[in-house]
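> Sharing a structure below in structure tokens format, with a few things to ask.
The values are calculated or read from the model by the stated rules, or taken from the named source; none is laboratory data. On a predicted model such as this, the values are computed, not experimentally measured, just so you know. Here the Cβ positions follow ideal geometry from the backbone for every residue, glycine too, while neighbour counts run over all protein chains shown.
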Amino acid sequence: MSPPPPVPLQPVLIAAELRGLLEPDQLEGLEVTWLAADEATPRGNWVAIVPLLSRWVGGTQLKSLPALRIVANCAVGYDNVDVVAAEMRKVIVTNTPDVLTDATADLTWALILACARRLVEAIDLVRSDRWTGWHPEQLLGVHLRGQTLGLFGVGRIGQAVGRRAVPFGLRIIYAARTAKPDFERDTGATRVEWTRLLAESDILSLHAPSTPETKGIVNSDTLARMKPGAIVVNTARGDLIREEALAIALEDGRLGAAGLDVFTDEPAIHPRLRAAPRTVLLPHIGSATHDTRRKMAAIAVANVQAVLAGRAPLTPVFG
Ligand code: NAP
């Protein structure tokens, strides 16, 4: 009896930058075209695409990939994908939740601590050779215990950030569409309206996705309602903040500091914000640990394998 004919390989597009994070067995059965971040999305009969969050996958791109069955985003946020256009074309959209929660919550705390304890100014002082020794009033920062942490968005990452606040002795308040009783029970957090969150937070940390409702939620009006000297931290998406308004609040001395991992027009940063005082600006490294990035790439490709094998995706964006 002759052996069964080989199963044809499935043509897929995968971001070239993920190559070093993937093992050959994860790519079994796939004929991969590696797509560099600076290349436009090509036209053709690929059945799956694994894009980075910097690649817009909208109606035009979906139209030029008529055989596409899945967009397996390598990120938990999926604001780079037109999910309505995808649904209309019956293309499944998946993301990579959970595996990046701890890494991103840890980085959020790195930003909170760096802002509160003026780490950038301290490092600059040492590097500048101008440090003349211990001084009782040198680089005094914010004492965290007893301060109020305000969380906007308390899903996976927002809750992980809140849980880390308990041993630091912070009071936690949060604004969310739905109450989180388990989180409240475990951390003593209180749910408040957005306006009260602004008025009472010593540290405001953003953890909601970029949506039409959340874009620009931190703007000149909302910044004016914040406590003088408050700290703003953003590890969610850059466009939640109006960057020029934030820069002006820092220039005026109304805001204590801003710790930002994400920007509206990455990798560009509004020039006024780049030049503003008391900022800690990071190049979108929230999930950047070896372990996390490997897991993100693995889940994205596992979603592709599942859908192409006729199984349910592991982590669909909807349902
Ligand atoms: P998640 O579990 O889906 O949590 C998002 C939360 O935002 C949900 O609790 C949701 O509320 C809330 N939310 C949505 N719209 C809101 C609104 N209009 N007002 C108030 N709350 C709203 O997502 P996650 O895993 O925590 O990730 C959060 C975001 O972090 C992602 O969307 C992504 O953009 C960003 N992120 C950034 C990095 C980085 O590298 N810096 C890494 C990972 C993630 P409900 O609970 O009521 O639905």
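> Against the condition within 15 Å of the ligand (Cβ to nearest atom), crowded, with 16+ Cβ neighbours inside 10 Å, at pLDDT 95 or above and among the basic types (Lys, Arg), how does residue 242 come out, does it pass? Break it down stepwise before answering.
Numbers: within 15 Å of the ligand (Cβ to nearest atom): no; crowded, with 16+ Cβ neighbours inside 10 Å: yes; at pLDDT 95 or above: yes; among the basic types (Lys, Arg): yes.
The answer is no for residue 242.
> Further question: Return only the number of the condition from (1) in a loop (DSSP other than H, G, I, E, B); (2) away from the ligand (no atom under 13 Å from the Cβ); (3) not charged (D, E, K, R) that residue 126 does not satisfy.
(1)
> Working only within region 122-145, note down all residues that are within 13 Å of residue 256 (Cβ to Cβ) and either touching a residue at least 60 places away in the same chain (Cβ under 8 Å) or surrounded by fewer than 16 Cβ atoms within 10 Å (Cβ to Cβ) (or both). Give the derivation first.
Of region 122-145, the ones within 13 Å of residue 256 (Cβ to Cβ) are 140-144.
Once the filter is applied, which keeps residues that are within 13 Å of residue 256 (Cβ to Cβ) and either touching a residue at least 60 places away in the same chain (Cβ under 8 Å) or surrounded by fewer than 16 Cβ atoms within 10 Å (Cβ to Cβ) (or both), region 122-145 yields 140, 142, 143.
> Find the helices (runs of 4 or more DSSP H) located wholly in region 186-251 whose residues include 3 or more that are of a type in the set (Asp, Glu), and list them.
Result: 243-251.
> Count, please, the residues in region 249-285 that happen to be over 19 Å from residue 118 (Cα atoms) and free of Cβ contacts under 8 Å to residues at least 60 places away in the same chain.
Residues meeting the conditions: 11.
> Still on this structure: Is there any pair linking a residue in region 150-175 that is without any contact (Cβ under 8 Å) to a residue 24 or more places away in the chain to one that is assigned to a strand (DSSP E or B), with Cβ under 9 Å and at least six apart or on different chains, and which?
Sorted first by the residue in region 150-175, then by its partner, the pairs are 165/149; 165/151; 165/171; 165/172; 165/203; 166/172.
> Next up: Residue 103 fails exactly one of the following numbered conditions: (1) within 12 Å of the ligand (Cβ to nearest atom); (2) crowded, with 20+ Cβ neighbours inside 10 Å; (3) over 28 Å from residue 255 (Cα atoms). What is the number of that condition?
Result: residue 103 fails condition (3) only.
> Restricting attention to region 275-306, and to residues there that are within 17 Å of the chain's Cα centre (by Cα) and in a loop (DSSP other than H, G, I, E, B), which single residue is surrounded by the fewest Cβ atoms within 10 Å (Cβ to Cβ)?
My answer is 283.
> Still on this model: I need a count of the residues in region 215-237 that are within 12 Å of the ligand (Cβ to nearest atom) and over 22 Å from residue 280 (Cβ atoms).
Count: 1.
> On to the next question. Give region 165-182 a look and list any residue that's more than 9 Å from the ligand (Cβ to nearest atom), surrounded by 21 or more Cβ atoms within 10 Å (Cβ to Cβ) and among the small types (Gly, Ala, Ser), or say none.
The one that is more than 9 Å from the ligand (Cβ to nearest atom), surrounded by 21 or more Cβ atoms within 10 Å (Cβ to Cβ) and among the small types (Gly, Ala, Ser): 165.
> Applying the selection to region 307-319, what residues are surrounded by fewer than 16 Cβ atoms within 10 Å (Cβ to Cβ) and either at pLDDT below 95 or among the hydroxyl-bearing types (Ser, Thr, Tyr) (or both)?
318, 319
> If you don't mind, another one. Take the residues in region 37-70 that are closer than 19 Å to residue 293 by Cβ and buried (at least 19 other Cβ atoms within 10 Å of the Cβ); name whichever of them is farthest from the ligand (Cβ to nearest atom).
By that ranking, first place goes to 49.
> Another one. So, of the residues in region 287-304 that are among the hydrophobic types (A, V, I, L, M, F, W, C) and under 14 Å from residue 50 (Cα atoms), which turns out to be farthest from the ligand (Cβ to nearest atom)?
304
> Still on this model: In this structure, does residue 12 turn out to be buried (at least 19 other Cβ atoms within 10 Å of the Cβ) and either within 30 Å of residue 158 (Cα to Cα) or in contact with a Lys or Arg (Cβ under 9 Å, 6 or more places away or on another chain) (or both)?
Spelling it out, it is not the case that residue 12 is buried (at least 19 other Cβ atoms within 10 Å of the Cβ) and either within 30 Å of residue 158 (Cα to Cα) or in contact with a Lys or Arg (Cβ under 9 Å, 6 or more places away or on another chain) (or both).
> Quick check on this structure: which one of 144, 113 is more than 16 Å from the ligand (Cβ to nearest atom), part of a helix (DSSP H, G or I) and within 18 Å of residue 204 (Cα to Cα)?
113
> Pick from 118, 156: which is at pLDDT 95 or above, within 16 Å of the ligand (Cβ to nearest atom) and among the charged types (D, E, K, R)?
The unique qualifying residue is 156.
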